[in-house]
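What follows is a set of notes on a single structure, which appears directly below.
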Amino acid sequence: MSEPATAAISATDLSIRFGGHVAVNNVSCQFYDGKLTAILGPNGAGKTTFFNLLSGQLAPTSGQIHFYGKDITRYSVSHRAKIGVGRAFQLTNLFPKLSTFENVRLAVQARGNLGFDMARLSVDLPGVNEQAEFYLEKVALLSKGDLDVRSLSHGDQRKLEVAMLLALEPKVFMFDEPTAGMTIDEVPIIVELIQAIKQTEGRAILLVEHKMDIIKTLADRIVIFHNGEVIADGDPNEVMSMPIVQDVYLGRALA
Amino acid sequence: MKRLISYDLPANAWIAALVAAIVLILAVLPLTTPSIRSVNMAAKIIVFIPLAASFILLIGYTGIVSFAHTVFFGIGGYGLALGLLNSDASVSGMLTGLMLGVALSAVFGLIIALLSLRIRAIYFAMVTLVAALVTSQLASRLTWLTGGQDGVSFDIPDALSPGVRYWTVPFSDVPVTGKVLLYYALFAIAALSFLAMLRIVNSPFGRVLQAIRENEFRASALGYPTTWYKAVSSILAAVFATIAGGLYAAWLGYVGPGSTLSLNVLTDILLIIVIGGSGSLYGAILGAVVIIVSENYLQSLIELLIPVSIAKSPAGTLLSGDRWLLWLGVLYVVAIYLVPEGIVGMTRSGGRPGDRRAIPGPNHSR
Ligand SMILES: Nc1ncnc2c1ncn2[C@@H]1O[C@H](COP(=O)(O)OP(=O)(O)O)[C@@H](O)[C@H]1O
Ligand SMILES: [Mg+2]
């Protein structure tokens, strides 16, 4: 790539092997502030595994990860989250028996470094409760704040997942199929939110998504994964018209 | 008032009323009855409430299932006892002993937490059970330090001993002795401990503990170093259990393996948690009352209800008062079936509907 700036997050020769199976194979990729990169590829291509490597849930077999030039390959999951590597999960991954509001508040207080505060009460924290409500409002869940998360619909849980990522206010946003399983009328709110993040200064967005219309609206760049390797990377229109992409991706997964 | 209990009200009005009634009875009991048996029972309840609450902090809020909790209770008892023995029964000696115990427990609590990260749940539970038994054995063997199997009897500071008489309650004619004063010291410290724990579980820290229990993977993805949270929580639970152990020894004027470290104590704690539920600290209050009262009175109650003639008949052996432990067991099994989440858990969901009502405005200073 020709961008002069330091990448927000970058992978260098990144690989992970599960037994004999190489799920991510020698991937080098830089992601920059202000850009939304859509990551595409058939199921099992290694997209989620790539995210797991970037956010630290998995340790690579080889290769490095840099965050604004700093080597974070050995950082723990929580450390990466603290410095601004934010992640929303493909399979809904929440605190099911806590309220919707509490789920978001946990994200807000994590950002505020308030976790070890045991002398004050959660209800008293200045600003925290208001911010939690602010982010719930953004995904239209404010009215459901008191409900247990396990009682929410699938679509609402997906929205909550997004609200928690927003509440972390990270530098790097990783969305893993945020609209999967949502009803058609729930999708636009997510698209608008991602659009709004793009407009904020100094944010890099990585988006795994299958819906082509969403990608057309949002993507500045497309990276195609196949069998753990990056087989195409570049301008959306160029990438989508490459024969190899038509073969492996459009031919199989979407047709 | 609501601040005092950290806006964490029992889930339902009945339970709230029950808790209030229990606290009230415990608060006035020694002024209304000269019955030593009742007052001893009340004191045991007072001690076991923070003990069980600290276990709920560990098991219910942090999800660490450890059977080594009696170890902390024992350390508190022995710490206080040795402090008094080595200081001619002075208050400062008592506090020093207890503080040393607290420090030792904190270290031990940290070790427990680190072990729980290394060993998977079921093996960890077994390891902690072994640790509890080994500690009990150690206390029985290290006679020079602990008095061995017989334990240690010691003198409590004069001001708190039964021999000192301060006053006589006008209507009940009950004498207010140093022992009654000691009762209220226990009550105050236990209440403070309980309120402190209530605050901890309703603080940002407590919310993180709940998050870890629910989904540790996700908690770390939000940026919480879960290992440290577990360690701190385990240390806190250990500290509160140690304080409870000190209170119990002070009340009994005695500490021994049987009163603090034995399986009976562990069984008591577990029964309290099962009956009261581990989802809320209030479970400790209800559970402690149910279990300790039935231990004390089930035998008499059965003897009272079942005439001797029936009890003596072959079919009646099951109904004789000596079988109270059996009936406690039955009560326990029934409780597990009927109220799997305990009395308090029964009506409470994990979400706290009250949470958002109490939000102060942005310019609220606290
Ligand atoms: N923890 C794991 N252990 C073993 N194999 C895994 C693990 N995680 C992912 N894989 C394998 O890696 C491959 C890529 O999976 P994944 O990253 O989830 O694909 P995608 O998100 O692109 O659909 C799959 O073949 C999957 O079975
Ligand atoms: Mg995936």
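The values are calculated or read from the model by the stated rules, or taken from the named source; none is laboratory data. Predicted, not measured: the structure shown is a model, and the values here were computed from it. No Cβ is skipped: glycine too gets one built from the backbone with ideal geometry, and neighbour counts run over all protein chains shown. All accessible areas refer to the heavy atoms of the entire protein, side chains included, with ligands and DNA or RNA removed. Shrake-Rupley method; radii C 1.70, N 1.55, O 1.52, S 1.80 Å.
Miscellaneous remarks
- Residue list for segment A:177-208, filter: within 16 Å of ligand 1 (Cβ to nearest atom) and surrounded by 17 or more Cβ atoms within 10 Å (Cβ to Cβ): A:Glu177, A:Pro178, A:Thr179, A:Leu206, A:Leu207, A:Val208
Results for (1) more than 15 Å from ligand 1 (Cβ to nearest atom); (2) among the polar types (S, T, N, Q); (3) under 23 Å from A:Met212 (Cβ atoms), shown as yes or no for each residue.
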{"residue": "A:Ala59", "(1), (2), (3)": "no, no, no"}
{"residue": "A:Gln64", "(1), (2), (3)": "yes, yes, no"}
{"residue": "A:Asp71", "(1), (2), (3)": "yes, no, no"}
{"residue": "A:Tyr75", "(1), (2), (3)": "yes, no, no"}
{"residue": "A:Ser78", "(1), (2), (3)": "yes, yes, no"}
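- In segment B:259-274, the residues that are free of Cβ contacts under 8 Å to residues at least 24 places away in the same chain reach residues that are of a type outside the set (A, V, I, L, M) and open to solvent by 40 Å² or more (accessible area, probe 1.4 Å) with C-beta atoms within less than 9 angstrom, at least six apart or across chains, in these pairs: B:Asn264/B:Gly258; B:Leu270/B:Phe67.
- Only one of the listed residues (A:Asn113, A:Asn103) is polar (S, T, N, Q), open to solvent by 10 Å² or more (accessible area, probe 1.4 Å) and more than 13 Å from ligand 1 (Cβ to nearest atom). That residue is A:Asn113.
- Enumeration of residues in segment A:32-55 that are in contact (Cβ under 8 Å) with a residue 40 or more places away in the chain, under 21 Å from A:Tyr68 (Cα atoms) and within 11 Å of ligand 2 (Cβ to nearest atom): A:Ile39, A:Phe50, A:Phe51
- Residue satisfying all of: in segment A:31-52; open to solvent by 10 Å² or more (accessible area, probe 1.4 Å), hydroxyl-bearing (Ser, Thr, Tyr) and more than 14 Å from chain B (Cβ to nearest Cβ); farthest from ligand 1 (Cβ to nearest atom) among these: A:Tyr32
- Candidate set: segment A:87-96, residues that are facing chain B (nearest Cβ under 9 Å) and touching a strand residue (DSSP E or B) at 6+ places or on another chain (Cβ under 9 Å); chosen: the one nearest to ligand 1 (Cβ to nearest atom): A:Phe89
- Selected residue (criterion: farthest from B:Val39 (Cα to Cα)) from residues of segment B:224-258 that are away from chain A (no Cβ under 14 Å) and surrounded by fewer than 20 Cβ atoms within 10 Å (Cβ to Cβ): B:Gly258
- Set B:Tyr254, B:Tyr282: member being touching a residue at least 24 places away in the same chain (Cβ under 8 Å), hydroxyl-bearing (Ser, Thr, Tyr) and under 19 Å from B:Gly76 (Cβ atoms): B:Tyr254
- Of all the criteria given as (1) in contact with a Ser or Thr (Cβ under 8 Å, 6 or more places away or on another chain); (2) within 30 Å of B:Thr227 (Cβ to Cβ); (3) surrounded by fewer than 24 Cβ atoms within 10 Å (Cβ to Cβ), the one not satisfied by B:Ser66 is (3).
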